[in-house]
Amino acid sequence: MLFDKNQIHTLNDQALPDHRESFEYLSHRLSQRSIQVNELIKKIREFQVAIPSWALGTGGTRFGRFPGGGEPRSLEEKITDVGILHALNAGSGAISLHIPWDIPDNVEKIREHAAANGLLFDAVNSNTFQDQPDQELSYKFGSLCHTDARVRQQAVNHNLEVIQYGKMLGSKSLTVWLADGSSFPGQMNFRKALQRTLDSLKEIYEGMPADWKLFVEYKPYEPYFYHTVIQDWGTSHLLASQLGERAYTLVDLGHHLPNTNIEQVVATLMMQGKLGGFHFNDSKFGDDDLTVGAMKPYQLFLIFNELVEGMEDPRSANPSPAWMIDASHNLKDPMEDLLQSVEAIQLAYAQALIVDRAALENARDSNDPVLAQEILQEAFRTDLRPLIAEARLQSGAALHPIRVFRQLEVRKTLVGERGTKSLATGL
Ligand code: PSV
Ligand code: MN
Ligand code: MN
């Protein structure tokens, strides 16, 4: 670790009087509303969000990449960075790898390094949206949907290889996001392309260990602009249903056409027991991959409201979804951005937990939209930041992660070790 945990505690001590005052006030107010504050804190402490390995470097746009220095140069260094985040917020206890960007050269060493940092390996991600230098056949016209069976087989084999890496590291799921699609009307036979995709996915599904899950991501456009083979949650759900019990839909917040009611998508998938996981990010126009909560915090809260409702319903058949961030851009320090992301997710989760669900159901049953809105916004407008800080404090992490990141000059140290020009592999 770049710093001693005691340094965090010393900085916490300085911030403690201020924190105590705001937390005691909040605690008192919540207790008056019959909310069990300790229960709430326990849930927040248990909640862990996986960090994608590709978000640790500055992302690219089509027009350029402006690295800020000190980016991780290897898988080991990516794990180090997530370890730093986890030490600061105690809420990012897992890393999601992308193969071939993150092929481990020494599995044992990588496993040990992750364990020493208190990290688990979340879903592994395959990549058939780029051609690799040593690759025989091109994915220019698709991968799992390709018209040529040899290309499809190559893409299937890649996914099976990704599963092998995941197995060695202790992952329990594979996420498949496909760029497959077409840019011009007439270019591709929709029906046949979807059928070929389903057949290829079946081979991948069969190749997974019995305790693994397959997450199928959808996206309506980009990199192709006329159609994508898995365009929406319905198509993903169709594939997941045909694949089997351990296949699920993965919702990426950026993968919707404008104004899509994502909270309703979440509720529908949960009703079917098919919501497998989440990729958190935020957007104004398209798949912008901005910091979650930066644009539409109310939407994030409404999504968590459905998630909590679904998770608390004893009749719900949906397993606990996998929580992951999927953000990447080129302005902020990527580690500070991830600290902001985790906090935004924890806040929305906590706000959803304090919704008075019985009162909300009563308002719904008596068709009272005014009261329903009052109940939801009572929760959304409660400032729960001191509660999240208290959860971190109780877990031995920082009261103010970004402040501590800066006070400890983490980025400066990383630049000193890795140089100003280091570039992480990724998007
Ligand atoms: C591309 O849109 C994307 O952001 C997908 O959401 C994947 O999850 C991610 O890249 C990594 O491949
Ligand atoms: Mn995604
Ligand atoms: Mn995306």
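At a glance:
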read-out	value
Amide proton proximity set for H98, modelled H, under 5 Å, gap of 5+	S53, N125
Share, in percent, of DSSP beta bridges within segment 5-418 that are antiparallel, nearest 5	15 percent
At least 20 Å along the helix axis (C-alpha) and Kyte average at least -0.5, DSSP helices within the chain	75-89, 149-169, 297-312, 334-353
GNM flexibility winner over the chain from V404, V49, V216 (Cα, springs under 10 Å)	V404
Global form of segment 330-402, assessed from the alpha-carbon gyration tensor, a/c cut-off 1.5	prolate
Cα gyration tensor shape for the chain, rounded if a/c is under 1.5, else prolate or oblate	oblate
FRET efficiency, Q130 to R33 (Cβ-Cβ, R0 60 Å, nearest 0.05)	0.75
Set K192/K219; K140/K219; K172/K296; K78/K332 screened for pairs whose C-alpha atoms are more than 24 Å apart	K172/K296
Net charge over other residues, Cβ less than 10 angstrom from the Cβ of T175 (K, R count +1; D, E count -1)	-3
Dipole magnitude (debye, nearest 20) for segment 5-418, charges at Cβ of Lys, Arg, Asp, Glu	260 debye
Distance cut-off 11 Å, percentage of C-alpha pairs in segment 1-48 lying past it	74 percent
Most fluctuating residue given options L169, L331, L160, as computed from a GNM of the chain linking Cα atoms under 10 Å	L331
Inter-part distance where segment 297-375 and segment 75-112 are each reduced to a Cα centre, Å	27 Å
Within the chain, helix-based [θ] at 222 nm, where runs of 4 or more DSSP H residues each add -39,500 (n - 2.57), nearest 500	-15500 deg cm²/dmol
Formal net charge of residues neighbouring L16 (Cβ-Cβ distance under 14 Å; K, R +1; D, E -1)	-2
P(r), alpha carbons of segment 118-261 - 10 Å bins starting at zero, rounded %	12, 43, 36, 9, 1, 0
Summed residue charge, Cβ within 15 Å of V156's Cβ, Lys/Arg positive, Asp/Glu negative	-3
Centroid-to-centroid separation of segment 388-427 and segment 117-172 [C-alpha atoms, Å]	31 Å
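Here, each number is a calculation from the coordinates, and none is a lab measurement. Remember, predicted model here, so these are calculated numbers, not experimental data. Because the Cβ atoms are built from the backbone with ideal geometry, glycine has one as well, and the counts that use them run over all protein chains shown.
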